[in-house]
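The values are calculated or read from the model by the stated rules, or taken from the named source; none is laboratory data. Keep in mind that this is a model prediction, so the values were computed, not measured. Cβ coordinates were reconstructed from backbone atoms using ideal geometry, including for glycine residues, and neighbour counts include every protein chain displayed. Keep in mind that these areas ignore ligands, DNA and RNA; they rest on the heavy atoms of the full protein, side chains included. Shrake-Rupley method; radii C 1.70, N 1.55, O 1.52, S 1.80 Å.
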Amino acid sequence: MPSDDPDIPSVTAPRPVPAAAPPAGRRAGSPPPPPSAALIVSLLGFTVITIDVTAVTIALPTIRSSLHGGMAGLQWVIDAYTLMFAALMLSAGALADRAGARRAYTVGVALFTLASLGCALAPGIGWLIGARIAQGGAAAVVMPASLALIRQAYEDPARRARAIALWTVGGSVSLAAGPVLGGLLVDSVGWRAVFLLNIPVGAVVLALLTRTAPSPRRPRALDPAGQLTAVLALAGLTFAVIEGGHAGWTSPAVAGAAAVAVVAGLAFVVTERRHPQPMVPLGMFRRRGVALPLVIGFAANAGFYGVVFLLGLYYQQLRGMSGTAAGLMFVPLSAVITGANLLSPRLAERLGRRPVILAGQAVLSLAMFTLLPLGDGTPVWQVVLLLIPMGVGGALIVPALTALLMDAVPAHQAGTVSGLFNAVRQTGGALSVAVFGVLVADGGEGFSLPGLRTSLVAAGVALCVTTGLTVWVFAGERRGVGR
């Protein structure tokens with residue numbers, strides 16, 4: 001007879017354990033979907049939401065003439081998307097964990113496709129901005145869920161690192177290729193085609209999702225108060241920056257928006273401290289493996305997104321180029337980014353991630369200063385050469401930085417930290433568009449070269465600061481001073 005003492009093993013033959021039921025959506029006995037299926041689906045969705053950012057940048061002058069929006073309206077077309085992308089991504093990470101990455105990804109892609117149709121049908125600048133808000137919210141769900149799908153599909157760290165590298169390659173190439181595609185579509189079909197292109201791509205992604213493995217659900221409490229205060233803080237800050245440069249820094253609306261940003265920011269911190277399961281666990285910021293990538297990601301995105309925004313206006317408003325010509329000016333940059341992205345993981349494997357991250361920041365900061373000679377008569381070949389350091393630096397940073405961050409947290413926090421990381425990066429991009437747009441407009445609706453140069457210096461100095469901070473943190477790790 002089996003013993004009643006749990007510490008004494010029973011000699012009775014063990015009962016057969018019933019086979020586990022297959023995950024929902026897969027028949028018993030059928031092989032599990034290959035990890036590559038999750039990678040392909042994640043890459044497609046990530047690509048389309050990334051292309052949308054820079055493709056729209058090239059379409060801005062045409063949108064301005066078609067819908068009669070000023071510089072502030074153009075800034076909001078970009079930032080309405082980016083702000084909701086950044087703010088809602090905080091909750092979207094928890095949603096991906098709670099609902100399951102595949103389910104969250106499906107909902108996000110479907111909503112993004114519908115919002116893209118709304119953008120294409122926009123009769124005015126206000127409608128377009130509203131549809132861009134919806135697009136950004138949907139993209140916020142897609143981004144962390146896509147990375148979480150990869151994280152769950154690849155258990156081996158080496159294979160996961162390669163998959164993440166391909167994921168970041170797709171995003172970086174899309175970021176650089178977006179202006180090219182946007183310019184071609186604007187000149188050949190019209191600016192609405194930039195958004196219509198998302199519809200068939202979204203349909204393909206939704207069809208392919210049925211071939212990926214179901215995702216487990218993890219209990220995660222939602223944090224509506226934290227989400228609301230985050231949205232209010234970011235929206236108030238961006239409104240104050242954009243409208244302050246056009247309506248005046250002392251106007252009641254700007255002062256009110258700034259006050260909302262401060263109060264909402266403080267409320268966000270208090271809410272997250274008191275919530276039993278906050279969407280942003282503030283304790284994460286005490287880990288150097290998390291805090292440092294967040295700071296670097298913010299500065300790198302601010303510089304890259306800000307400069308792409310400025311160059312789209314520079315080519316068309318100052319140089320008088322067509323949308324196609326302006327987009328083609330980004331082709332060399334796209335090629336450089338593709339090559340550097342493919343090289344980055346190999347360098348990280350050979351030299352280590354830290355030297356690659358450090359080198360990427362140094363090159364990207366240098367790139368900001370090398371662009372200072374740009375003028376209305378700068379030869380095209382010289383402009384192309386001046387952009388090479390920016391492509392190299394930005395592309396070197398992202399794959400190694402993403403892998404470093406994902407290794408700093410356990411698997412069950414992958415969705416949360418992915419959402420936080422990308423929220424911080426997108427916030428950097430949104431604020432740079434807001435600030436740089438004000439600087440180049442110089443109180444009017446034109447394009448100011450002094451404003452362009454001031455923006456480049458600001459981005460370069462910020463990246464110099466993060467480079468120095470990285471040296472200090474990595475040196476401390478070598479000395480064994482905490483993590």
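What ranking do 110-121, 201-212 get when scored by the average of other Cβ atoms within 10 Å per residue, highest first? It would help to have the intermediate numbers written out before the result.
Working: 110-121: 19.7, 201-212: 17.4.
Sorting 110-121, 201-212 by mean packing, highest first, produces 110-121, 201-212.
Hey, with R₀ at 51 Å, roughly what FRET efficiency would A255 and V331 work out to, going by the Cβ-Cβ distance, to 0.05? Each step should come with its number before you reach the end.
Details: r = 44 Å, r/R0 = 0.87.
Efficiency at R0 = 51 Å is approximately 0.70.
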Quiz item: Short version: ³J(HN,Hα) in whole Hz for each residue of segment 73-78, in order, from phi by Karplus 6.51 cos²θ - 1.76 cosθ + 1.60 (θ = phi - 60°), x for Gly and Pro, what are they?
Solution: x, 5, 4, 6, 4, 7
Self-check item: Computed accessible area, E349, all protein chains, 1.4 angstrom probe, square angstrom
Solution: 130
Quiz item: Quick one: helix 288-313 against the long Cα principal axis of the chain, what's the angle to the nearest 10°, folded into 0 to 90?
Solution: 30
Quiz item: Amide H neighbours of M321 under 5 Å, counting only residues 5+ apart in sequence or on other chains, H built in-plane at 1.01 Å?
Solution: Q316
Exercise. Go through F369, A348, A430 and say which Cα lies farthest out towards the positive end of the charge dipole of segment 314-473; charges sit on Cβ, +1 for Lys and Arg, -1 for Asp and Glu.
Key: A348
Quiz item: With charges only on Cβ, +1 for K and R and -1 for D and E, what is the dipole size of the chain about its Cα centre, in debye, rounded to 20?
Solution: 960
Quiz item: Ordering L266, L401 from largest to smallest accessible area (1.4 angstrom probe), what's the sequence?
Solution: L266, L401
Exercise. Using the Karplus curve 6.51 cos²θ - 1.76 cosθ + 1.60 with θ = phi - 60°, work out ³J(HN,Hα) for each residue of segment 114-130 in order, rounded to whole Hz, and write x for Gly and Pro.
Key: 5, 5, 5, 5, x, 5, 5, 9, 4, x, x, 5, x, 4, 4, 4, x
Exercise. For segment 100-201, with all protein chains present and a 1.4 Å probe, just round the carbon and sulfur fraction of the accessible area to a whole percent.
Key: 73
Quiz item: Which whole-Hz couplings ³J(HN,Hα) result when phi for each residue of segment 151-164 is put into the Karplus expression 6.51 cos²θ - 1.76 cosθ + 1.60, θ = phi - 60°, listed in order with x for Gly and Pro?
Solution: 4, 7, 7, 10, 7, 6, x, 5, 5, 5, 4, 5, 5, 5
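Against the empirical 2.2 N^0.38 Å scaling, what ratio does the C-alpha Rg of segment 347-467 come to?
On the way: Rg = 16.9 Å, N = 121, 2.2 N^0.38 = 13.6 Å.
After normalising by residue count via 2.2 N^0.38 Å, the value is 1.24.
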Exercise. Whole number in Å², please: accessible area per residue of segment 218-366, 1.4 Å probe, ligands, DNA and RNA not counted.
Key: 43
Exercise. At a 1.4 Å probe radius, which order do R102, R273 fall into by accessible area, largest first?
Key: R273, R102
Quiz prompt | Heavy-atom accessible area order for D156, D79, largest first, 1.4 Å probe | solution = D156, D79
Self-check item: By average C-beta atoms within 10 angstrom, highest first, the peptides 70-78, 47-55
Solution: 47-55, 70-78
